[in-house]
Amino acid sequence: MTYKRKDGRKNDEMRSPIIAKVGIVPNADGSAMFQIGKTIAIAAVYGPKKMHPQHSQNPERGTLRCTYNMLSFSVEDRIRPGPSRRSTEISKITQWALDPVVMLNNYPNMVVDVHISITQADAGTRCAGINAAAMALAHAGIPMRDMVSSVAVGKMDKTIVLDLDKYEDSEFEDGEGSTDIPMSFTNNGEMTHLQLDGKITKEQLKEAAKMAQKASKEIYEIQKKALKESLGDLK
Ligand code: CDP
């Protein structure tokens, strides 16, 4: 049986709208929002600044520190405020996805803080957060070797599909078909992050990675356009 998407999307089609904006938090050194379908992430960057506590300082290079937080009313059931196991995991994952591109060698003992807030969640929030964070870092003028663009691929009833929404993410939760694979890529095509939750064959994983990599290029173009727009009339 071929899987048919409830919202009528093609298997390799991302949700719409995809909206990216840069410079939305005036008090931050850099900021951005990224929306995909009903999922909205906001990222604010502060720094580089002196790392506190002092024992966390790295004399070799600056540290990237990411904090992911889902706002209480971002989902239908109110989420208890404060850190959770899930938010701690996603904060780390975000850091690892972005660390390969930020160049903090010239900032020993300093920290760049990235605060990600999910204002609306409909699955794919870690990817939206990574996309917003990468733009906010660039907006803050942090030296970067490349952009990072992130999207998830899922396996629904043995079919590989791009960018699951919450309905799809939960639909096969208990069935054998449920697999969710968030991935992040540089524009150069290097993968900086992959998470695999469920079962998948080697061939299907390759197919999934190819699909995500192609979509990441589309996301990159949207991020680039938003960054250019933030420069206004600057030639
Ligand atoms: O958001 P993402 O797909 O990166 O991570 P997830 O842990 O697979 O969560 C999938 C979705 O479940 C979220 O985007 C939310 O829509 C929803 N969720 C929720 O309703 N309540 C939570 N405490 C956690 C997640």
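Derivation of every value follows stated rules applied to the coordinates shown; laboratory data play no part. Note that the structure is predicted; figures quoted are calculated from it, not measured. Note that each Cβ is placed from the backbone with ideal geometry, even for glycine, and that neighbours are counted across all protein chains shown.
Summary table below
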| item | result |
| --- | --- |
| In the stretch 1-42, trypsin sites (Lys or Arg not before Pro) in a DSSP loop with at most 15 other beta-carbon atoms within 10 Å | Lys4, Lys6, Lys10, Lys38 |
| Among Ala140, Thr159, Ile200 the positive-end extreme of the charge dipole of the chain (Cβ point charges) | Ala140 |
| Among Gln57, Gln95, Gln223: highest mean-square fluctuation, GNM of the chain, C-alpha pairs under 10 Å | Gln57 |
| For the stretch 1-99, the Rg and Dmax computed from alpha carbons only, in angstrom | 17.7, 58 |
| ³J(HN,Hα), Karplus 6.51/-1.76/1.60, whole Hz, each residue of the stretch 86-99, x for Gly, Pro | 5, 5, 5, 4, 5, 4, 5, 4, 4, 4, 5, 5, 9, 3 |
| Distant alpha-carbon pairs in the chain (separation over 32 angstrom), percent | 19 percent |
| The chain - mean residue ellipticity at 222 nm from DSSP helices (-39,500 (n - 2.57) per run, n ≥ 4, rounded to 500) | -9000 deg cm²/dmol |
| Residue-count net charge about Thr192 - beta-carbon cut-off 10 Å; Lys, Arg +1, Asp, Glu -1 | -3 |
| Cα pair count fraction exceeding 14 Å, expressed as % - the stretch 97-147 | 54 percent |
| Extension gain, Asn105 back to Lys6 (0.36 nm per residue minus Cα-Cα distance, nm) | 30.9 nm |
| Out-of-range pairs (alpha-carbon distance over 19 Å; input Lys92/Lys210; Lys21/Lys224; Lys166/Lys206) | Lys92/Lys210; Lys166/Lys206 |
| Residue of Phe73, Phe34, Phe185 that the Gaussian network model of the chain assigns the largest fluctuation, springs spanning Cα pairs under 10 Å | Phe73 |
| Longest site-free stretch - the chain; sites: GluC sites (Glu not before Pro), DSSP loop, at most 11 other Cβ within 10 Å | 77-172 |
| Within a Gaussian network of the chain (alpha carbon springs, distance under 10 Å), most fluctuating of Asp197, Asp180, Asp29 | Asp197 |
| Where trypsin sites (Lys or Arg not before Pro) fall in DSSP loop in the stretch 49-91, at most 14 other Cβ within 10 Å | Arg78 |
| Fewest-first ranking of Leu98, Leu231, Leu104, Leu164, using other Cβ atoms within 10 Å as the exposure measure | Leu231, Leu104, Leu98, Leu164 |
| Cα-centred dipole magnitude for the stretch 18-226, charges only on beta-carbon of K, R (+1) and D, E (-1), debye, nearest 20 | 740 debye |
| Theoretical gain in end-to-end length, Glu190 to Lys224 [0.36 nm per residue, Cα-Cα removed] | 10.5 nm |
| Neighbour-count order for Val111, Val148, fewest beta carbons within 10 angstrom listed first | Val111, Val148 |
